[in-house]
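Sharing a structure with you now.
Just so you know, all these numbers are worked out from the coordinates, no wet-lab data involved. Owing to the predicted nature of the structure, the values given are computational and were not obtained by experimental measurement. In this analysis, Cβ positions are derived from the backbone assuming ideal geometry, glycine residues included, and neighbour counts consider all displayed protein chains.
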Amino acid sequence: MKFSRIRSVSPGVILRLGRPGLAVLLAVLLVLGLVAGLRLVVALGAAGADGDGSVGDDGGSHQELELEQKLRAELLARFQGRVPRQWGERVTGVVTRIDTTEKVVALTFDACGGSTPASPSNGYDRDLIDFLNREQIPATLFISSRWIDANPELFQELARNPLFTIENHGYLHRPLSVTGRSVYGVKGTASINEVIDEILLNQRRIEQLTGRAPRYFRSGTAYYDEVAVEIVEALGLKAIGFDILGDAGATFNKEQVKRALLGVRPGSIVLCHMNHPESDTAEGLMEAVPILKRMGFRFVRLRDYHDRLSAIGAETAARR
Ligand SMILES: [Zn+2]
């Protein structure tokens with residue numbers, strides 16, 4: 001807006017216009033003034049937004065990256081030099097059950113994912129999910145980026161289903177170690193940075209795809225050292241284990257799955273798999289669920305009992 005154009009109207013022009021003309025001129029000036037004011041406000045708003053870098057895709061991701069680098073540096077400083085003493089499924093800080101006397105059970109299903117698209121770990125147990133849908137059984141699904149890569153449409157379908165919450169099962173499905181320990185021949189993460197990557201890269205992936213950030217993390221194989229568990233917590237997540245091994249990596253037969261599930265107590269967290277359609281997991285579950293219902297149990301998601309997820313304490317873990 002050029003104010004010089006308004007100032008250039010000479011008194012002679014106004015005199016020649018007469019009274020109606022003057023009114024029109026004043027109205028035009030008023031409109032021009034309003035427009036100028038409005039443009040100034042918009043310009044100031046944009047300048048403000050540019051200034052703090054909080055608006056626009058580039059600004060947002062850049063700021064996010066800076067924050068992440070800062071957080072990473074803080075975690076490195078905090079955990080560097082720590083030597084883990086525990087390694088397993090039940091180390092200090094891992095949540096293995098809900099602290100309650102109510103007859104509730106949290107069914108959790110892992111979708112592990114394999115390193116190649118054709119890997120059997122990238123499967124989808126449709127019978128299992130259909131059963132949960134049919135019976136309206138809520139469940140918590142731990143999914144890795146590998147599985148998401150192999151099943152993008154299925155992932156979105158599951159994420160849209162209000163029965164389920166999608167949680168973090170790692171970027172490359174690795175056991176969570178700060179020193180590179182392995183289990184079942186699967187090599188664990190080997191440094192603080194790799195632990196952070198394993199958690200955060202899948203966290204960001206799920207959040208971008210679903211608009212919701214996971215609150216729970218279960219490592220590939222459910223193995224951790226206790227320093228890695230503290231890093232999970234420092235990143236704002238709870239490390240989740242289980243107290244009922246429901247299908248032993250989808251290797252149990254129907255009877256074994258059923259027997260395992262019938263071993264639940266109030267607050268149990270059951271670990272099963274949804275990525276092995278060839279397994280007997282769904283068949284065992286279909287037999288056990290009606291019995292558990294008759295016993296008075298109902299099924300909940302971890303987030304329904306967020307404040308009552310009880311981690312294994314230092315004393316308990318030391319005794320094992
Ligand atoms: Zn897994």
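On alpha carbon coordinates alone, what is the Rg over Rh value for segment 238-280, Rh being the Kirkwood radius?
On the way: Rg = 10.6 Å, Rh = 10.8 Å.
Answer for segment 238-280: 0.98.
Would you mind checking which residues have amide H under 5 Å from Phe142's amide H? H placed 1.01 Å from N; only 5 or more apart, or other chain.
Residues meeting the amide H criterion: Phe109, Asp110, Ala111, Glu167.
For each pair in Lys187/Lys258; Lys103/Lys258; Lys238/Lys293; Lys238/Lys258, compute the distance between the two Cα atoms and list the pairs where it is over 21 Å.
Details: Lys187/Lys258 31 Å; Lys103/Lys258 18 Å; Lys238/Lys293 28 Å; Lys238/Lys258 28 Å.
Check vs 21 Å cut-off fails for Lys187/Lys258; Lys238/Lys293; Lys238/Lys258.
Sort 245-251, 304-310 by the packing proxy (mean of other Cβ within 10 Å over each peptide's residues), most packed first. Don't jump to the answer; show the numbers that get you there.
Values: 245-251: 19.6, 304-310: 14.3.
Going from most to least packed, we get 245-251, 304-310.
Moving on. With only alpha-carbon atoms in the gyration tensor, what are the semi-axes of the equivalent ellipsoid for segment 93-159, in Å, largest first? Walk me through the numbers before you get to the answer.
Details: eigenvalues 131, 52, 16 Å².
Values for segment 93-159, descending: 26, 16, 9 Å.
Please list, in order along segment 216-221, the HN-Hα scalar couplings obtained from phi with the Karplus expression 6.51 cos²θ - 1.76 cosθ + 1.60 (θ = phi - 60°), rounded to whole Hz, x for Gly and Pro.
3J(HN,Hα) across segment 216-221, in whole Hz: 10, 10, 10, 5, x, 6.
Setting aside same-chain residues fewer than 8 positions from Lys70, which aspartates and glutamates have a Cα under 15 Å from its Cα?
Result set, ordered by chain and number: Asp197.
Report the per residue volume, in Å³, of the convex hull enclosing the C-alpha atoms of segment 194-271. Before the final figure, lay out the partial values.
Numbers: hull volume 9.5 nm³, N = 78.
It comes to 121 Å³ per residue, whole-number rounded.
Further question on the same structure: Taking amide H positions as placed in the peptide plane 1.01 Å from N, state which residues far from Ile240 in sequence (5 or more) or on other chains have amide H under 5 Å from it.
Val95, Phe217, Arg218, Ser219
I've got another one for you. Convert each backbone phi in segment 64-81 into a coupling constant with the Karplus relation 6.51 cos²θ - 1.76 cosθ + 1.60 (shift: θ = phi - 60°), then list the ³J(HN,Hα) values in order as whole Hz, x for Gly and Pro.
4, 4, 4, 4, 5, 5, 5, 4, 4, 5, 5, 5, 4, 5, 6, 9, 4, x
Could you grab the relative contact order for segment 89-188? Cα pairs under 8 Å, six or more apart, rounded to a whole percent. Can you show the working numbers first?
Values: 119 pairs, mean separation 24.6, N = 100.
Value for segment 89-188: 25 percent.
Considering only C-alpha atoms, what is the centroid distance from segment 76-111 to segment 183-249, in Å?
Comparing the Cα centres of segment 76-111 and segment 183-249, I get a distance of 10 Å.
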